[in-house]
Amino acid sequence: MSNAYNRPEQLSAELRQRILDTAEDMGYLGPDPVARSLRTRRAGAIGVLLTEDLTYAFEDMASVDFLAGVAQAAGDTQLTLIPASPASSVDHVSAQQLVNNAAVDGVVIYSVAKGDPHIDAIRARGLPAVIADQPAREEGMPFIAPNNRKAIAPAAQALIDAGHRKIGILSIRLDRANNDGEVTRERLENAQYQVQRDRVRGAMEVFIEAGIDPGTVPIMECWINNRQHNFEVAKELLETHPDLTAVLCTVDALAFGVLEYLKSVGKSAPADLSLTGFDGTHMALARDLTTVIQPNKLKGFKAGETLLKMIDKEYVEPEVELETSFHPGSTVAPI
C-alpha cells in the first residue's frame, strides 16, 4: 500500500487505482503527513515572511502578484504565510518563537526591514532563505529585486519634462519606528526599508539635476499602507502644501490615495495635479496611471524557484536584478 501513495511510478496505473479504492473503502485516506514529515525530515512547505497582516497581503495588488508568483514556482509544495509585526518593539524572543513554530523547509523574506529580528531567527534556525526586495545583501541569502533608485527616474523625469517644479513625494514605511507625516533628512538617510529610501533618493537626484532645491520638496510617509492611511497622508500633503502641482508616489497604492482625495474635493489628475506611481499593478494600468512597472509576479516566481533550489542544495545566483519599464499613462500633464 505504501508504494501506491509514496512511489506510484513503481506500480501500474490499474493496480495503484485498485489499491487506492480498497483503502478508501476501508476508511484509510493516505499516510499521516506529520508522520511522513518526521520520516523525510521535510515539511513539504515553504514560508513567506512579510511584515504586514494577512489582510494587506491579499488586498495590495503588488503583494498579490508576488505571492501568485511564489505559488506558481512552489507547484505541489505548500505555501505558508508568516506575518511578522514591523514595529521596532518586536524582540528577538518573539521573533524566534514565530519562526520556530513555522513548519517550513525554507523562507522567502519579502520586503523586510534591515535589522529585523525575524531574519536573525531564520538564520539561527538554519533555514534556507532568499530575500525579495529588502534587506539587500544579507550574508548567505540570495537577493532578488529591481534597481529601485534607477527604476523610479523615468517617473520623476516625466514630471520635470512636463514643467513641474513644485513637487511633493509620498512614500510608504521607511523605518521600523512609526511615523506618519513629514520625513526628516535624518530619517531618510537612516531608513531601514531601503526600497522606499532608494526610490525617494532616485527621484530627488532627478529633481536636483533639474535645478530644484531638495529642501523645497516635501516628503511625507505613510507607515501603514492601506486605503484609509493612504487617503489621510495624501490629504495632509496637499492641504499642507497647496502650491504643489505634482506628486510622485513610491507605490501605486499611495497614488490611489491621492486620486481619492482629489475626487473628494472635486478635483482630478492631471487636470488639477500631475501624479505618478510605482509598481504597475493591474488596477494602476486599468486607470492609466503614469507609473513604473516592475515584474511583481516574476519576482515572486524567481524567489520561490531560488528557494526550492536552495532546499535541494543546488547552486543559485547570489543576486538577480529585475528589469522595470515606464508606463507614460495619462496622469501627467504640462503645467
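Read-outs throughout are calculated quantities, based only on the coordinates presented, and are distinct from any laboratory measurement. What you see is a predicted model; the values in this text were computed from it and never measured. Because the Cβ atoms are built from the backbone with ideal geometry, glycine has one as well, and the counts that use them run over all protein chains shown.
About the centre of its Cα atoms, the chain shows a dipole size close to 400 debye [charges on the beta carbon of Lys, Arg (+1) and Asp, Glu (-1) only; nearest 20 debye]. Summarising the strand pairing of the chain, around 15 percent of its internal DSSP beta bridges are antiparallel. Each Lys or Arg adds one and each Asp or Glu takes one away; over the other residues whose Cβ falls under 11 Å from the Cβ of D180, this sums to -3. Toward the positive end of the charge dipole of the chain, with +1 on the Cβ of Lys and Arg and -1 on the Cβ of Asp and Glu, the farthest Cα among C222, A95, T331 is that of A95. About its Cα centre, the range 160-319 has a charge dipole of approximately 320 debye under the convention of +1 per Lys or Arg Cβ and -1 per Asp or Glu Cβ, with nothing else charged.
Of all complete DSSP H helices in the chain, those with a Cα span along the helix axis of 15 Å or greater and a mean Kyte-Doolittle hydropathy of 0.0 or more are 61-74, 252-264. In terms of the Cα gyration tensor, with a ≥ b ≥ c the square roots of its eigenvalues, is the range 148-294 rounded because a/c is under 1.5, prolate because a/b exceeds b/c, or oblate? Since a/c stays below 1.5, the shape of the range 148-294 is classed as rounded.
Summing +1 for each Lys or Arg and -1 for each Asp or Glu among the other residues whose beta-carbon sits under 12 angstrom from that of Q96 gives 0.
Proximity of backbone amide H atoms, modeled 1.01 Å from N, is registered between L322 and A145, N147 at under 5 Å, excluding neighbours fewer than 5 places apart on the same chain. Remark: spin-label model distance N147-Y56 equals 2.9 nm, labels positioned 7 Å along the Cα→Cβ axis. Scattering from the chain was approximated by placing one identical point on each alpha carbon and applying the Debye formula without solvent; log10 I(q)/I(0) at 0.11 1/Å stands at -0.73. The relative contact order of the chain comes to 20 percent, based on Cα pairs under 8 Å that sit 6 or more residues apart. Between A246, A162, A286, the residue with the greatest mean-square fluctuation in the GNM of the chain (Cα pairs under 10 Å linked by springs) is A286. Legend: Rg and Dmax of the range 249-293, from Cα coordinates, 9.8, 29 Å.
Average 1/r across all pairs of distinct alpha carbons in the range 172-234, invert it, and you get the Kirkwood radius: 12.2 Å.
Based on alpha-carbon atoms, the Kirkwood radius and the radius of gyration of the range 125-224 give Rg/Rh equal to 1.04. Spin-label pair A87-N226: with each label point 7 Å from Cα along the Cα-Cβ axis, the two points sit 1.5 nm from one another.
Only the Cβ atoms of Lys and Arg (+1) and of Asp and Glu (-1) were treated as charged; on that basis the dipole of the range 133-240 about its Cα centre amounts to roughly 180 debye.
Taking the charge dipole of the range 148-294 about its Cα centre, with +1 at Lys and Arg Cβ atoms and -1 at Asp and Glu Cβ atoms, the residue from F278, V183, F207 reaching farthest to the positive side is F278.
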